[in-house]
Every structure is written in C-alpha cells, then in structure tokens.
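The numbers here are math on the coordinates, done by the rules we state, and not lab data. From a predicted model like this one, the values you see are computed outputs, not experimental measurements. Virtual Cβ from ideal backbone geometry, glycine too; neighbours counted across all protein chains shown.
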Ligand SMILES: NC(=O)c1ccc[n+]([C@@H]2O[C@H](COP(=O)([O-])OP(=O)(O)OC[C@H]3O[C@@H](n4cnc5c(N)ncnc54)[C@H](OP(=O)(O)O)[C@@H]3O)[C@@H](O)[C@H]2O)c1
C-alpha cells in the first residue's frame, strides 16, 4: 500500500488528539497537516493545545512544532498538501455540513466523526465490519458534488458501537424489538474527571440528542443502496435510554432483544465467535482480529478491565440469558474514543484506501 498524506481538522480537540496518537506509527497514513479554529491558527501545535492535552501518552514529537492551519480560511492551501482529511470539529451542525462539503468540493476526501452528514442520503455511514458495501454510494455523491476525488464518509455515533455489532450477526433470525440502555463514559463529552468534577459519585440521566441518534442511526447502517441513495431499514424497532455515568472511557449497553425465529443461546454464542467482516478478511492495520468477544464470567464485561481489548477496537459481550418479556438480554461494551470515535474513523479510512477510494 502506498502512503497517504493526511490532514486532521479539529486537531486540537479530544478526538483530534486521538487521531494524532493513533496515526503516530501508522503504516499507510502520515500526518502532514493540522488545522483547527482561527483561535489556534498560526500557533505551533504545542502552543495551540496548551494545557488541553488529554491523552495518557505524551504528545508525539513530530506534531509539537507543526504550525496549525485555519480549517475554514486555509482550505486551498490544505488541498495542495494532503490526500485526505479526518474531521472532528465542535461547530454548529449547518456550519460543519458546509465546511465538509467545501473540503469535498476542493477534491479532498473527508472522513468525518461529526454527526452533521450522518443522514445525508448519499453519504455512507459505515461500521466497516457491518456495512462496508455502503461506500459504493460515493460514486453517486461525487456526481452530485461534481467532484472526481472529493467525497464525505462518516462514522456512526459512539453509543451504537457496542450493540449494533452484537446484534448484526443475529439479524438472520429476524431481530424484531430491541431495548438498549446505554451507560456512557465522560470522555464522550470531551471531558475527564478533572474537567468535570461534578461527575464523580454521580449519574446524569440525559445526554442531549443521544437517544434519537441511538435509535435512528442503526437503521441507516442496516439500510440498502437504492439508486443514488441509501434507504434506511424499517426494522428492528429500537428504543433506548442513554445515561452519563462516572466512567472515564468505555460505553456499556444493557440490551434486550426479541426475534421472529428465536435462536438458542448456543447459536448466538457461535454466531458471535465466528463473526468476521471485510476488515478482518483484508487484514486492515487497525482491524481487531476477533471483533466480538463473549465472556462466560458473570461479572464481565467491565469498562475498566475490557475496554482496551484489541487496542480498544473490539466489542466485549457478556451475561447472555433468557428474559421474561423479550427473548434474551445481554450486556456489551466498546471503547468510545477508540472504536467509537477516532479508531473507527481510521478503520474506515483503511477500508476506503484498500478499496481505491483515496487514490
Ligand atoms: N469525544 C468523543 O468521544 C466523540 C465521539 C464521537 C464524535 N465526536 C464528535 O467529534 C467532534 C469533535 O469532538 P471533540 O470531543 O474532539 O471536541 P473538542 O475537544 O471540543 O474539540 C473541538 C475541535 O474543533 C475545533 N473547532 C472549534 N470551532 C472551530 C471552527 N470554527 N473552525 C475550525 N475548527 C473549530 C477546535 O479548535 P480550537 O482548539 O482552535 O478551538 C477543536 O480542535 C464533535 O462533532 C463531536 O460530536 C466526539
């Protein structure tokens, strides 16, 4: 594989910092350029980040003295220097939509962690193990945008990253009803316990917009390409409650599910064990070897013990058992800033590179 020159838009933020640490020794992707708001533009990366470095590993030497570009004003200069960008910015939705389209129209593919374009018909929202074929819609999107290379591809919200993978191999049994309660880490709000001390010994039963995303996004991921759009699936019927809990990293979900054709517990465990997707077949650099991992121990998965499995790219599952109202219930976990954010973005970029969409 050739190496690609990569820009990170929103490089000073929490997700941007994760991209920087994940790309430090990446075999295909080389960090060429960093961009953020006009507040950071013109400063060295070290100056721009100041005391906001939130990663547990030190800032990589390579980026310390890089001069940060203005993500909005320097698009032409950025277009000359990179093959594609990762984008994770904190702006209003319509501003993000416009910004990402400007990059795409400047012939820069955009791999986005933002939610702005998740429901644009011809923008693929991809979990690489589940709906890799959705990237084929990029040809239609390029036609609409009038571009040769430029396009936008997005990853889904971190909240669905544990239960949608766990349900996916079971869709063949006709998943009818799903109830998922998520217990979400504070890093999902870009915080740690120092910056959000009110979360110590606390739980907040509301995360703005999260329940809508958690119920709607799976239907696009399980949707089908029809002509020049992705049409959402109409089932399963999903209801959720999303809570913020005092955990640093790792979103857990307690899931209840009923089927048209109820499988046995052994069938489900076998399906999870044997499930492998395109990233595993192609041996993409960031793909976990075993995506779905079932624990027989009654007290697993635990956020602290299991979120880093396979470098935070795997999903852990446990406590599968029969339920009185649904057919089964189980618990699952994924790392929200790795698989659920920057890591999921890097894996999507690897899929796009392997399939020739970044050439
Ligand atoms: N945290 C997560 O786990 C997570 C997970 C999935 C998705 N996301 C999404 O990823 C995005 C970023 O989240 P985050 O937690 O990394 O946010 P964050 O820590 O607040 O960082 C925001 C970034 O956006 C930049 N920015 C703000 N206004 C800008 C502007 N007008 N033009 C260009 N850049 C601008 C900031 O630059 P300055 O430093 O110059 O202000 C900073 O680099 C959000 O859309 C969020 O919903 C986050």
Between helix 265-274 and the chain: long-axis angle, C-alpha atoms, 0 to 90°, nearest 10 = 30 degrees
message = Given axes a ≥ b ≥ c from the Cα gyration tensor, I'd like to know whether the stretch 34-177 is rounded (a/c under 1.5), prolate (a/b larger than b/c) or oblate.
response = oblate
inquiry  = Taking the Cα centroid of the stretch 223-276 and of the stretch 48-84, what is the distance between the two, rounded to the nearest whole Å?
reply    = 36 Å
task = Looking at the chain, send over the antiparallel percent of its DSSP beta bridges, to the nearest 5.
result = 45 percent
message = Full-extension gain between residue 228 and residue 1, please, as 0.36 nm times their residue separation minus the C-alpha to C-alpha distance.
response = 78.7 nm
remark   = Rounded to the nearest 0.05, FRET efficiency between residue 51 and residue 321 (Cβ-Cβ, R0 45 Å) equals 0.45
request  = Report the residues of the stretch 175-203 in range of a label on residue 243: point 7 Å along Cα→C-beta, backbone N strictly under 12 Å from it.
outcome  = 181-184, 202-203
key: Potential extension, residue 98-residue 305 segment - 0.36 nm per residue separation minus Cα distance   = 70.5 nm
inquiry  = Place a point 7 Å from the Cα of residue 274 along the Cα-to-Cβ direction; which residues of the stretch 168-196 have their backbone N under 20 Å from it?
reply    = 168-175
note = Helix 14-23 sits off the longest principal axis of the Cα atoms of the chain, rounded to the nearest 10 on a 0 to 90 degree scale, by 80 degrees
inquiry  = Shape verdict for the stretch 159-335, please, from the Cα gyration tensor: rounded (a/c under 1.5), prolate (a/b greater than b/c) or oblate.
reply    = rounded
ask   = Along the Cα-to-Cβ line of residue 65, 7 Å from the Cα, sits a label point; which residues in the stretch 6-44 have backbone N less than 17 Å from it?
value = 32-34, 42-44
Acute angle (nearest 10 degrees) that the helix 343-354 long axis makes with the longest principal axis of the chain, alpha-carbon atoms = 70 degrees
